[in-house]
Amino acid sequence: MDWMFPAALALTGTMGVLMGLWGLWYLVSGLACVRKPKNYGFHPARTRFAVLIAARNEELVIGSLINSLLTQDYPAELYDVWVIPNNCTDNTALAARNFGARVLECTVPVKSKGEVLRFAYNRLRGRRYDAWLVFDADNVVDRRFLAEMNNARLAGAQAAQGYRDSKNPYDTAVSGCSSIYYWMMDRFHNGGKAGMGVSAMIGGTGFMVTQKLLDKLGGWHTETISEDLEITAQAILAGEKVAYVPKAVTYDEQPLTWEQSIKQRRRWTSGTLQVAQRCLPALGEEQANRPRLTMFDFEVTLLLPAYQLAALAGLACTALTSALGGRTLLQALVLALAGVLGNIAWAALTATVAAGVVVTLEGKWDRRLWKGLCTYWLFLLTWLPITAVSFWKKTTVWEEIRHTRTMAPQLPGR
């Protein structure tokens, strides 16, 4: 047993170094957000868009999205809004038609949004669209969205992600936490990647993929439950970068309960693991043949679940090191508990400060957000067991999260 203490100590130190290097890279890339995003200029409206909305039991909310799309500051003859109802037990299709959208009923069995989008693309690709836009049915879209994506495409972008804002940041603590998370992604992830000159990440809604890129990829053929991350991987392997277009804003409805949030984040983590398993070998081979910073950065992103699992293991190693230091059982238990609680307290403080920083930078300060700010550390901490469970058993089927908010996005008080 004498060997266990130095072994645990060495393991703890090694994991600490590796996690520190991973965190340092994210810190450096996040700080790159101080550089202003690329200016795509102003271009005449020339892009013909297909707007795709995969919808499952979204009768209550889809009207707001369609209204926001049909009132875009963009020529109506240059885009079509397509709703693709799938696995519905309500009147989503009828509601979509009544609000003025075109409806393409999904006639094949589908288990994920990616399969729905592939079905729609295969049915519509003969209509000579220049680019494809994807939104979730619970969204509301800023009226300049299509115009800004037109600017990005005509400036050379083959894939682009817009700014993901929140419809309901003040409803509950959970919706506040989810809103802060997306503002973090906007500012520090995609904003930072844009500042470094590497690829942003497609985030599930409010994104564009051009027909030129899809031709290069051989069509729309995502296979995982995380179609957004998989398309990002495919674009990077094809030598393209995902552009970040912060002026193209989408308002997204956030989960209201911890149960909904955990279900959502488990799906995200399972999808990341699927994409990592599917794409990391090809990314590694391409990196070995033609090293690129964009590819390295995306590989680091795909390792996020491994980092989270290592963080959980790090807490266990801290406790084990304390317990094996030649102390009594009671002393070991007290020191182990103190070590774990100390790490959690430090992480909570860091997360809360980071949340306050991003809320300030994004101009989102509002007293109604206090519940989200106070519990953001818990939101991040609960991701550790979610990741551990996802390594053990991945989610492979998209599960419905019912959306109900029909009103306009809640904006900060003045």
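So here's what we get for this one:
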| item | result |
| --- | --- |
| All positions within the stretch 82-123 that are in contact with a strand residue (DSSP E or B) (Cβ under 6 Å, 6 or more places away or on another chain), among the small types (Gly, Ala, Ser) and closer than 17 Å to Glu223 by Cα | Ala120 |
| Members of the stretch 43-71 found to be polar (S, T, N, Q) and either open to solvent by 20 Å² or more (accessible area, probe 1.4 Å) or within 21 Å of the chain's Cα centre (by Cα) (or both), listed by number | Ser64, Asn67, Thr71 |
| Cβ pairs under 7 Å, 6+ apart, first in the stretch 129-143 and farther than 23 Å from Asn57 by Cα, second in a strand (DSSP E or B) and open to solvent by 10 Å² or more (accessible area, probe 1.4 Å) | Asp142/Val249 |
| Enumeration of residues in the stretch 144-167 that are free of Cβ contacts under 8 Å to residues at least 40 places away in the same chain and either hydroxyl-bearing (Ser, Thr, Tyr) or in contact with a strand residue (DSSP E or B) (Cβ under 8 Å, 6 or more places away or on another chain) (or both) | none |
| Selected residue [in a loop (DSSP other than H, G, I, E, B), surrounded by 18 or more Cβ atoms within 10 Å (Cβ to Cβ), of a type in the set (D, E, K, R) and at pLDDT below 85] from Arg414, Arg405 | Arg405 |
| Cβ pairs under 6 Å, 6+ apart, first in the stretch 363-374 and in contact (Cβ under 8 Å) with a residue 24 or more places away in the chain and under 10 Å from Trp183 (Cβ atoms), second open to solvent by less than 50 Å² (accessible area, probe 1.4 Å) and assigned to a loop (DSSP other than H, G, I, E, B) | Lys364/Pro412 |
| Test for Thr205: is it over 28 Å from Phe42 (Cβ atoms) and of a type in the set (Val, Ile, Thr) | no |
| Complete set of residues in the stretch 36-68 that are of a type in the set (A, V, I, L, M) and over 22 Å from Phe119 (Cα atoms) | Ala45, Leu60, Val61 |
| Qualifying residue in the stretch 119-135 (condition: in a loop (DSSP other than H, G, I, E, B), touching a Leu at 6+ places or on another chain (Cβ under 6 Å) and modelled with pLDDT of 95 or more) | no |
| The stretch 267-296, subset surrounded by fewer than 20 Cβ atoms within 10 Å (Cβ to Cβ) and among the charged types (D, E, K, R), residue farthest from Thr395 (Cα to Cα) | Arg290 |
| All positions within the stretch 203-234 that are assigned to a loop (DSSP other than H, G, I, E, B), of a type in the set (Ser, Thr, Tyr) and touching a helix residue (DSSP H, G or I) at 6+ places or on another chain (Cβ under 7 Å) | Thr222, Thr224, Ser226 |
| Members of the stretch 200-220 found to be open to solvent by less than 10 Å² (accessible area, probe 1.4 Å) and within 19 Å of Tyr244 (Cβ to Cβ), listed by number | Ala200, Ile202, Gly204, Thr205, Gly206, Phe207, Met208, Val209, Thr210, Leu213 |
| Conditions (1) touching a Leu at 6+ places or on another chain (Cβ under 7 Å); (2) under 30 Å from Asp297 (Cα atoms); (3) modelled with pLDDT under 90: number failed by Cys33 | (1) |
| Qualifying position, being in a helix (DSSP H, G or I), of a type in the set (S, T, N, Q) and within 30 Å of Tyr307 (Cα to Cα), among Ser64, Ser29, Ser68 | Ser29 |
| Enumeration of residues in the stretch 147-168 that are within 12 Å of Pro44 (Cα to Cα) and in contact with an Asp or Glu (Cβ under 8 Å, 6 or more places away or on another chain) | Ala147, Arg153 |
| Some residue of the stretch 72-94 being in contact with a helix residue (DSSP H, G or I) (Cβ under 7 Å, 6 or more places away or on another chain), in a helix (DSSP H, G or I) and open to solvent by less than 10 Å² (accessible area, probe 1.4 Å) | yes |
| Residue count, the stretch 221-256 (criterion: open to solvent by 50 Å² or more (accessible area, probe 1.4 Å) and either of a type in the set (A, V, I, L, M) or under 21 Å from Asp165 (Cβ atoms) (or both)) | 3 |
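The values are calculated or read from the model by the stated rules, or taken from the named source; none is laboratory data. Owing to the predicted nature of the structure, the values given are computational and were not obtained by experimental measurement. Positions of Cβ are generated from backbone atoms using ideal geometry, with glycine treated the same way; all protein chains shown enter the neighbour counts. Note: accessible area is taken over every heavy atom of the protein model, side chains too, but ligands, DNA and RNA are not part of it. Shrake-Rupley method; radii C 1.70, N 1.55, O 1.52, S 1.80 Å.
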